[in-house]
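First the structure, in the form of structure tokens, and then the observations on it.
Laboratory data are not the source of any read-out in this text; all were calculated from the coordinates shown. Everything numeric here is computed off the predicted structure, so don't read it as measured data. Ideal geometry is used to build each Cβ from the backbone, glycine not excepted, and the neighbour counts take in all protein chains shown.
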Amino acid sequence: MNFSGSVRSKLPGVGTTIFTVMSALAREHDAINLSQGFPDFNPDERLQAAVDKAIRSKNNQYAPMAGLPLLRERIAAKVDTIYKATVDPDTEITITAGGTQALFTAIAALISENDEVILFSPAYDSYAPAVTLAGGKAMHYTMDAPDFAINWQQVKKLITQRTRMIVINTPHNPSATVLTEKDMKELEKLTKGTDIIILSDEVYEHITFDDKPHQSVLRYPRLAERSVVVGSFGKTYHATGWKIGYAIAPRELMAEFRKVHQFNVFSVNTPMQYAYAEILQRPDLYEGLSSFYQEKRDFFRTAMKGSKFELLDTQGTYFQLASYKSITDEKDTEVVKWLTKEFKVAAIPVSVFYHKNLDQKIIRFCFAKENETLEKAAEQLSKIK
């Protein structure tokens with residue numbers, strides 16, 4: 001079919017995401033896919049059984065718009081246990097169709113025409129398009145390799161009378177860094193006495209390494225009172241394809257969030273919600289996640305010692321950044337294609353996470369894979385001279 005009229009794109013500079021492109025290229029060349037961030041192993045069998053039980057118990061129709069009450073209650077209890085924060089499950093938690101939907105909905109609900117939103121680049125690729133679609137303007141703070149540190153005095157210079165939101169992400173994708181207590185206190189100081197909203201993407205909250213604690217905004221009452229926090233069951237329970245997440249916010253912000261949520265999603269997969277409500281009674285599953293992935297991080301880093309890649313520090317998430325400066329001067333977007341086609345390992349170029357495609361000769365690998373998969377990938381990558 002051919003459309004005979006003219007198309008006025010709201011996102012004229014946006015094409016197919018790099019994740020889709022690289023996963024397709026990996027399939028085409030039968031390559032090991034360390035590009036897109038998903039595990040190659042199944043969720044815990046008890047979680048699978050809980051879904052099966054929910055389906056067979058006839059829990060297959062629409063869930064309440066805000067989410068299953070039992071699930072929201074157990075999220076609130078978990079937040080209280082971990083972060084010592086009191087959250088009302090009735091008015092301050094909404095179950096979403098994944099973390100990305102929660103992020104998009106928060107921006108759509110709270111950003112108006114000409115509002116400015118501060119983003120930290122490199123950034124997850126959904127933030128800026130969501131701001132644009134809401135009529136806002138993305139203001140970028142550039143974080144440089146290898147430490148991707150934030151100078152909060154420089155961030156302060158980006159704040160104007162139009163600044164409505166600051167988006168943070170910790171543990172951070174793609175840099176694999178985590179914000180510190182000092183960072184959070186600086187953010188608290190920066191936003192004190194303003195109407196700025198914090199959108200805190202915390203989907204990797206349970207994946208931090210070397211005993212570094214996750215600094216959720218929920219730990220800081222003055223930040224929590226102005227924040228929308230986004231979480232993801234997919235990242236925590238190895239079920240990214242189920243697309244179940246949640247948002248936590250003060251009731252005034254959540255009321256606006258739900259106004260949008262009810263029209264772009266309304267409700268989320270019912271049997272999956274029952275399953276997550278049941279599995280949340282097993283805190284050992286998320287409490288052991290950091291050590292589980294730290295073992296994989298260390299396994300992959302050890303396996304890569306024979307390669308010419310320089311591995312950057314990985315403090316959290318299940319991503320490993322690697323510099324290829326000693327191998328080639330080619331653009332990172334070309335290097336990942338070369339690796340996929342010639343060495344059968346797919347990765348993601350970090351430049352695509354920057355608003356101006358800053359190329360620092362760094363690529364991203366995902367180590368949420370079976371050790372056998374990681375070993376094979378490292379063996380292939382070590383052949384590069």
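In this structure the amide hydrogen of Thr163, modeled in the peptide plane, comes within under 5 Å of the amide hydrogens of Glu116, none closer than 5 places in sequence on its chain. Hey, what did the range 137-245 get for relative contact order, percent, Cα under 8 Å, at least 6 apart? Answer for the range 137-245 is 23 percent. What is the local net charge at Thr317, summed over the other residues whose Cβ is closer than 10 Å to its Cβ (Lys, Arg +1; Asp, Glu -1)? That sum, taken over residues with Cβ under 10 Å, equals +3. The modelled label-to-label distance for the pair Arg219/Asp30, using points 7 Å beyond Cα in the direction of Cβ, is 4.8 nm. Within the listed set Ile82, Ile348, Ile18, the residue fluctuating most in the Gaussian network model of the chain (springs between alpha-carbon atoms under 10 angstrom) is Ile82.
Each of Asp201, Asp44, Asp359, Asp147 has some number of other Cβ atoms within 10 Å of its Cβ, and from fewest to most they run Asp147, Asp44, Asp359, Asp201.
Straight-line cross-link partners of Lys189 among the lysines, defined as a Cα under 25 Å from its Cα and at least 8 positions apart when in the same chain: Lys84, Lys137, Lys156, Lys157, Lys212. The ranking of Trp242, Trp338 by Cβ neighbour count inside 10 Å, starting from the fewest, reads Trp338, Trp242. Per-residue ellipticity at 222 nm computed for the chain from its helices equals -11000 deg cm²/dmol, with DSSP H segments shorter than 4 residues left out and the rest contributing -39,500 (n - 2.57).
The amide H of Ile32, built 1.01 Å from its N in the peptide plane, has Val345, Ala346 as neighbours under 5 Å, considering only residues 5 or more places off or on other chains.
Annotation: the antiparallel percentage among DSSP beta bridges lying fully within the chain is about 45. Of the chymotrypsin sites (Phe, Trp or Tyr not before Pro) in the range 1-79, the ones in a loop by DSSP (not H, G, I, E or B) with at most 14 other beta carbons within 10 Å are Phe3, Phe41, Tyr62.
Each Cα pair under 8 Å and six or more residues apart adds its separation to the average, and for the chain the resulting relative contact order is 25 percent.
In a GNM of the chain with a 10 Å cut-off on Cα contacts, which of Val87, Val178, Val230 has the highest mean-square fluctuation? Comparing Val87, Val178, Val230 in the GNM, the peak value goes to Val87.
Lysine pair count for the range 270-380 with Cα-Cα distance under 19 Å and sequence separation of 8 or more or different chains is 27. Each residue of the range 61-74 was assigned a 3J(HN,Hα) from its phi angle through the Karplus expression (A = 6.51, B = -1.76, C = 1.60, θ = phi - 60°), giving 9, 3, 7, x, 3, 7, x, 4, x, 4, 5, 5, 5, 6 Hz with x at Gly and Pro.
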